1. Per residue, how much accessible surface does the chain expose to a 1.4 Å probe? Answer in Å², no decimals.
2. Mean separation of Cα pairs under 8 Å and 6+ residues apart, divided by the residue count of the chain: what relative contact order is that in percent?
3. Please compute the modelled spin-label separation between Asn84 and Thr58, points set 7 Å along Cα→Cβ, answer in nm with one decimal.
4. With a 1.4 Å probe and every protein chain kept in, tell me what percent of the accessible surface of the chain is carbon plus sulfur.
5. Can you give the translational diffusion coefficient of the chain in µm²/s, computed by Stokes-Einstein from the Kirkwood radius over Cα pairs at 4 °C and 1.567 mPa s?
6. Quick check: pseudo-label points 7 Å beyond the Cα along Cα→Cβ at Gln13 and Lys65, how many nm apart are they?
7. How much of Glu44 can a 1.4 Å solvent probe reach, expressed as accessible area in Å² and rounded to 10?
8. Put Asp90, Asp62 in order of accessible area, largest first, 1.4 Å probe: what do you get?
Amino acid sequence: QVQLVESGGGLVQAGDSLRLSCSPSGRTFSGNTMAWFRQAPGKEREFVARIHGIGGSTYYIDSVKGRFIISRDNAKNTLYLQMNSLKPEDTAVYYCAAVMTSGGKYKYWGRGTQVTVSS
């Protein structure tokens, strides 16, 4: 059974940093695209960043570009999201996703970790 478990969320002040981790089990994802999404209260789930398994290219939405860094450690089968200069608008539940399919969809999802940024 494939499971993705996020960790590293918490309550921080604006300008602080957090590093989220996603630790899958059940299979490896070294050859697959992995991504971070987030969902703020009352809003739809939003794509944040992805990293491709082939080539390792990354992509970020404009609102986090220059502040967030997505990376992966294939030896540990772990995905990371380093979040710097956090803003209150970054407050959301952050979800790990793996294996991008057609239409930018992902096959596997974690259950999320809460990130709260106070002003």
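The values are calculated or read from the model by the stated rules, or taken from the named source; none is laboratory data. Keep in mind it's a predicted model, so treat the numbers as computed, not measured. All Cβ positions, glycine included, derive from the backbone under ideal geometry; neighbour counts span all protein chains shown. Heads up: the accessible areas ignore ligands, DNA and RNA and are worked out on the full protein's heavy atoms, side chains in. Shrake-Rupley method; radii C 1.70, N 1.55, O 1.52, S 1.80 Å.
1. Details: 6290 Å² over 119 residues.
Accessible surface, normalised per residue, equals 53 Å².
2. Details: 289 pairs, mean separation 42.4, N = 119.
Relative contact order comes out at 36 percent.
3. It is 1.0 nm.
4. Details: 2940 of 6290 Å².
So the carbon and sulfur contribution to the accessible surface is 47 percent.
5. 92 µm²/s
6. 3.0 nm
7. Using a 1.4 Å probe on the heavy atoms, I get roughly 150 Å².
8. Details: Asp90 0, Asp62 125 Å².
The ranking, largest first, comes out as Asp62, Asp90.
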